[in-house]
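J.: Before anything else, here's the structure in question.
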């Protein structure tokens, strides 16, 4: 569900999908993304995530155009995640 939802917003001016990867081996990222058909951006951010105290994954943040966190969730992207994102974005407008 997450992958199909990200494709539907690929060209959206209102929503940009960006993932922060904390893998110690950046060479694993591209094959992982390709195998799953993911097309969203990935930032190699192991050191950045350590600096802000992220110790476990997944953690999801929805940040509005002003840079404010409107949703933070320490859970995966299944189930109601996409609906939560859309509701948070609508509330932030």
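The values are calculated or read from the model by the stated rules, or taken from the named source; none is laboratory data. Predicted model, so just to flag it, every value in this text is computed and none were measured. No Cβ is skipped: glycine too gets one built from the backbone with ideal geometry, and neighbour counts run over all protein chains shown.
J.: Taking residue 91 as the residue in question, decide whether it is out of contact with any helix residue (DSSP H, G or I) (no Cβ under 9 Å at 6 or more places or on another chain), at pLDDT 80 or above and surrounded by 10 or more Cβ atoms within 10 Å (Cβ to Cβ).
T.: Working: out of contact with any helix residue (DSSP H, G or I) (no Cβ under 9 Å at 6 or more places or on another chain): yes; at pLDDT 80 or above: no; surrounded by 10 or more Cβ atoms within 10 Å (Cβ to Cβ): yes.
Criteria not met by residue 91.
J.: Moving on to the next point. Restricting attention to region 27-41, report how many residues are in contact with a strand residue (DSSP E or B) (Cβ under 6 Å, 6 or more places away or on another chain) and at pLDDT 85 or above.
T.: Number of matching residues: 1.
J.: In the list 64, 23, which residue meets the criterion of being in contact with a strand residue (DSSP E or B) (Cβ under 9 Å, 6 or more places away or on another chain) and modelled with pLDDT of 80 or more?
T.: Values: 64 fails: modelled with pLDDT of 80 or more.
Result of the check over 64, 23: 23.
J.: Oh, and also: Is it fair to say residue 14 is touching a helix residue (DSSP H, G or I) at 6+ places or on another chain (Cβ under 8 Å) and modelled with pLDDT under 80? First the steps, then the outcome.
T.: Numbers: touching a helix residue (DSSP H, G or I) at 6+ places or on another chain (Cβ under 8 Å): yes; modelled with pLDDT under 80: yes.
So residue 14 fits the description; yes.
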